[in-house]
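Rule-based calculations on the coordinates, nothing more; no lab input. Source: prediction; values computed, not measured. Here the Cβ positions follow ideal geometry from the backbone for every residue, glycine too, while neighbour counts run over all protein chains shown.
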Amino acid sequence: MILKSFKGLLLGATLLASGLAASTAALAQAKEQFFPLLVYRSGAYAPNGTPWANGKQDYIKMINARDGGVNGVKLTFEECETGYATDRGVECYERLKGRPGVTLFEPQSTGITFALTDKAPGDKIPLLTVGYGLSAAQDGFAFAWNFPIMGSYWTGADILVQHLLKKDGNLKGKKIALVYHDSPFGKEPIPLLQERAKLNGFELQLIPVAAPGAEQKAAWLQIRQSRPDYVFLWGWGIMNSTALKEAQATGYPREKMYGVWWAGAEPDVRDSGEGAKGYNALALNPSGQSPKVIQDILKLVHDKGQGTGPREEVGSVLYTRGVLIQMLAIEGVRRAQERFGKGKVMTAEQVRWGLENLSLDQKRLDALGFAGVLRPISTSCADHMGSTWARIQTWDGSKWSMTSDFYQADEQIIKPMVKGAADKYVSEKKLTRRTSADCQS
């Protein structure tokens, strides 16, 4: 009888200890804000996807090291490899969306964004798509969970046309060829360019390139025959470096080529070197290791042996893009805490509020270490973009250099297009637009 009682006490103590351990683990987990990171470190797009992913990881590590997280809440993450494939991206989303403390998803692909746009409202999880995704998602009343912060393919295409108008004075009678990735990403700027062609009197030639873009002989034969005044390159990964090599082989002047901001990074021009000299691309951010945020990452992450990739990659175009994207995600959490409780783990729905109430003025950007990296951003319930500025950069044979001032996309052209596309989406999906009153709740 005594033995049984002893065994019972022992079992009870064991269960109590297990319960305490579980409670402690749950408490620790409850103080962690989780960032699911969809990445592609394999496949044809890996050379571009990898530095982008590394920048996101390193910024999270730096914030934990420098600031102890966000108001005491530690930041955690887990990567999920998509290979840039939409179906794999959806699988990653489904697997990670239920994790405690989940914040948002940054799909790192327009195709995956399209697939998740119908899922996010039901799950109440925001999608952060900096410089990509659905252009119409600028309308926050229609797209309550999409955040194309800093620009869309409509704003990018508009800025390229503005630049040529400033350069030439007039585009009437000229021809612009759009060499584009034959996917939702590549097709997205077409409506804006068609509208601009009507307004500015130029001819638009559409030349699709099948993914991944390693074979472009037919496309550049068309260009050699039609002799466009300019070529807009809407490519990604191997498509960009291949296009520059084909342009060189065809004899098309690289100084007459202008890429989207996803066709203006080191992997795109490295193989061509001098052969790509004069090539231009949109720039959402500069490159280099001088910004304070990059210096903080080098000091607090790489110097401690915690860097995700090679040290020499830090500060490259796409690495810095990853850093600023992750900064926006984390600032969405910080802003949400200001309303829902500092030091608390935010729900994804609360982070949505944070993202649509961002107010990153120059003073705040300087404090975060982003002086000279991007312009101020201010989002709202109605405007999920917050900024439509970009510059032109040019490859000089060895590095990228900014060669224009900032341009702002022409909202007089874009806003009616956004409204029309958003209204169509709401009608087709049988949704109800939010109102300003809805946004205050």
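In plain terms, the chain from residue 227 to residue 271 could stretch by 13.3 nm, reckoned as 0.36 nm per residue minus the Cα-Cα distance. Amide H contacts under 5 Å for residue 205: 176, 177, 178, restricted to partners 5 or more places along the chain or on a different chain, H placed in the peptide plane at 1.01 Å from N.
What residues of the stretch 360-399 lie in the reach of a label at residue 166, counting those whose backbone N is under 11 Å from a point 7 Å from the Cα along Cα→Cβ? Under 11 Å, as judged by backbone N against the label point of residue 166, lie 390-393 of the stretch 360-399. Among 162, 33, 138, the largest mean-square fluctuation in a Gaussian network model of the chain (Cα springs under 10 Å) belongs to 162.
Of the peptides 189-202, 51-64, 384-397, the order by per-residue mean of other Cβ atoms within 10 Å, starting with the highest, comes out as 51-64, 384-397, 189-202.
In this rough spin-label picture, where each label sits 7 Å from Cα along the Cβ direction, the residue 198-residue 362 distance is 3.9 nm. Coordinate range of the alpha-carbon atoms in the chain per principal axis, descending: 99, 49, 41 Å.
Relative to the longest principal axis of the Cα atoms of the chain, the long axis of helix 317-340 makes an angle of roughly 50 degrees. Per residue of the chain, the DSSP helices (runs of n ≥ 4 H) give a summed -39500 (n - 2.57) that works out to -14000 deg cm²/dmol at 222 nm. Using Cα pairs under 8 angstrom and six or more residues apart, how large is the relative contact order of the chain, in percent? Contact order relative to length: 19 percent. Highest mean packing comes first when the peptides 87-97, 149-159, 163-173, 226-236 are listed by Cβ atoms within 10 Å, giving 149-159, 226-236, 87-97, 163-173. Just checking the listed ones, 103, 379, 250: in the Gaussian network model of the chain with Cα springs under 10 Å, the one fluctuating most is 250. One Cα centroid belongs to the stretch 220-257, the other to the stretch 132-149; the line between them spans 31 Å. Its relative contact order, with pairs defined as Cα atoms under 8 Å and 6+ residues apart, puts the stretch 154-283 at 24 percent.
Residue ranges 178-185, 427-434 sort as 178-185, 427-434 when ordered by packing (mean number of other C-beta atoms within 10 Å per residue, highest first). The smallest convex shape that holds all Cα atoms of the stretch 109-153, its convex hull, gives 59 Å³ per residue.
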